[in-house]
1. It is to be established whether one or more residues within region 136-157 are of a type outside the set (Val, Ile, Thr), within 16 Å of the ligand (Cβ to nearest atom) and out of contact with any helix residue (DSSP H, G or I) (no Cβ under 7 Å at 6 or more places or on another chain).
2. Between a first residue in region 41-61 that is on the phi > 0 side of the Ramachandran plot and a second residue that is outside any strand (DSSP E or B) and surrounded by fewer than 24 Cβ atoms within 10 Å (Cβ to Cβ), which pairs have beta carbons less than 9 Å apart while being 6 or more apart in sequence or on different chains?
3. Of all residues being closer than 10 Å to residue 176 by Cβ and touching a residue at least 24 places away in the same chain (Cβ under 8 Å) in region 212-228, which is surrounded by the fewest Cβ atoms within 10 Å (Cβ to Cβ)? Just the residue, please.
4. So which of 103, 136, 123 is of a type outside the set (S, T, N, Q), farther than 17 Å from residue 9 by Cα, free of Cβ contacts under 8 Å to residues at least 60 places away in the same chain and out of contact with any Lys or Arg (no Cβ under 8 Å at 6 or more places or on another chain)?
5. Just for region 37-72: of the residues that are in a helix (DSSP H, G or I), farther than 19 Å from residue 209 by Cβ and among the aliphatic types (A, V, I, L, M), which one is farthest from the ligand (Cβ to nearest atom)?
6. Which one is surrounded by the fewest Cβ atoms within 10 Å (Cβ to Cβ) among residues in region 155-187 that are among the basic types (Lys, Arg) and touching a residue at least 12 places away in the same chain (Cβ under 8 Å)?
7. What are the residue pairs meeting all of these: first residue in region 10-34, first residue touching a residue at least 60 places away in the same chain (Cβ under 8 Å) and within 6 Å of the ligand (Cβ to nearest atom), second residue aromatic (Phe, Trp, Tyr) and outside any helix (DSSP H, G or I), Cβ atoms under 7 Å, and 6 or more apart or on different chains?
8. Please indicate, with yes or no, whether at least one residue in region 143-154 is crowded, with 20+ Cβ neighbours inside 10 Å and in contact (Cβ under 8 Å) with a residue 12 or more places away in the chain.
Amino acid sequence: MNHNKIHVGIIMDGNGRWARRRGLPRPAGHAAGAKSARAVVEAAAESGRIDWLTLYAFSSDNWQRPAEEVDALMGLFHDYLRRETPRCVENGIRLRVVGRRDRLSLSLVERIEASEKATAGGRRMTLRLAVDYSARDLIVKAAERGDPDLCRERFSELLGEAMGCGEPTKDVDLLIRTGGEQRLSDFMLWECAYAELYFTRVLWPDFGAAQLREALADYGRRERRFGRVLREAV
Ligand code: FPP
């Protein structure tokens, strides 16, 4: 078992299907998904094992969804940030939003900036919401900055700058995807080089503290070799 604190990424998938199964419109699934996000963030902070949690809230390809759904999601992000900021401050959670901001509404950008400022002192866990996020676009943007002394560490810094994070991006240790699909969908491609992947059929609105604990327990049983041979096998 690895006792170092880890970076967990989550692809929160299955909101639409959750809503459809209940005869509800898709935005109702996203609203239920925001509740799951709240519960999982709390459980992640309480677990004491996670120092970075990155939630994939809106991919750059999600702009192609119907306008009503996009509007509902943007409204949810706004409400989430407004409601959760005081809780993050209380719980020592530093909140950052990563991705493009130039296509978000001014009021959402202002909300993001206010939440980031208010929570900047949080030391217990960093919560990153990926909004208008495309890992490939970020890699291109970081590469465009050019650097003759480019190395992996420097590239992680450039990538952090490209996503508006202001600090080097960190490798992901555990990537969770709910909803049954088994793909990365343009999420943290650089950071997931050696991530342990955990796929579950549970739909995101049904994923909570117990399911996060299960994923962390599964991660604890993985043997991470990073391309090396284990000492006992030599
Ligand atoms: C994928 O489910 C989910 C999204 C595109 C949005 C994720 C957003 C939330 C969970 C709500 C807000 C979260 C925060 C942190 C404020 P889908 O719609 O693709 O589901 P489907 O595959 O069943 O259609």
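The values are calculated or read from the model by the stated rules, or taken from the named source; none is laboratory data. This structure is a prediction, so every number in the text was calculated from the model and none was measured. Reconstructed Cβ throughout: ideal geometry from the backbone, glycine too, with neighbour counts over all protein chains shown.
1. Of the residues in region 136-157, the ones of a type outside the set (Val, Ile, Thr) are 136-138, 141-157.
Within this subset, residues satisfying the condition of being within 16 Å of the ligand (Cβ to nearest atom) are none.
Within region 136-157 (the criterion being of a type outside the set (Val, Ile, Thr), within 16 Å of the ligand (Cβ to nearest atom) and out of contact with any helix residue (DSSP H, G or I) (no Cβ under 7 Å at 6 or more places or on another chain)), the answer is no, since none of the residues qualifies.
2. Matching pairs, first to second residue: 48/5; 48/124.
3. Among them, the one singled out is 216.
4. Details: 136 fails: farther than 17 Å from residue 9 by Cα; 123 fails: out of contact with any Lys or Arg (no Cβ under 8 Å at 6 or more places or on another chain).
One residue alone meets the criteria, 103.
5. Residues of region 37-72 in a helix (DSSP H, G or I): 37-47, 60-64, 67-72.
Subset that is farther than 19 Å from residue 209 by Cβ: 60-64, 67-72.
From what's left, among the aliphatic types (A, V, I, L, M): 67, 70, 72.
Numbers: 67: 15, 70: 10, 72: 9 Å.
Checked region 37-72; the qualifying residue farthest from the ligand (Cβ to nearest atom) is 67.
6. Restricting attention to region 155-187, the residues satisfying the condition of being among the basic types (Lys, Arg) are 170, 177, 183.
Cutting the leftovers down to touching a residue at least 12 places away in the same chain (Cβ under 8 Å) gives us 170, 177.
Working: 170: 18, 177: 23.
Selected residue: 170.
7. So the pair list comes out as 12/56.
8. Keep residues of region 143-154 that are crowded, with 20+ Cβ neighbours inside 10 Å, which gives none.
Looking through region 143-154, none of the residues is crowded, with 20+ Cβ neighbours inside 10 Å and in contact (Cβ under 8 Å) with a residue 12 or more places away in the chain.
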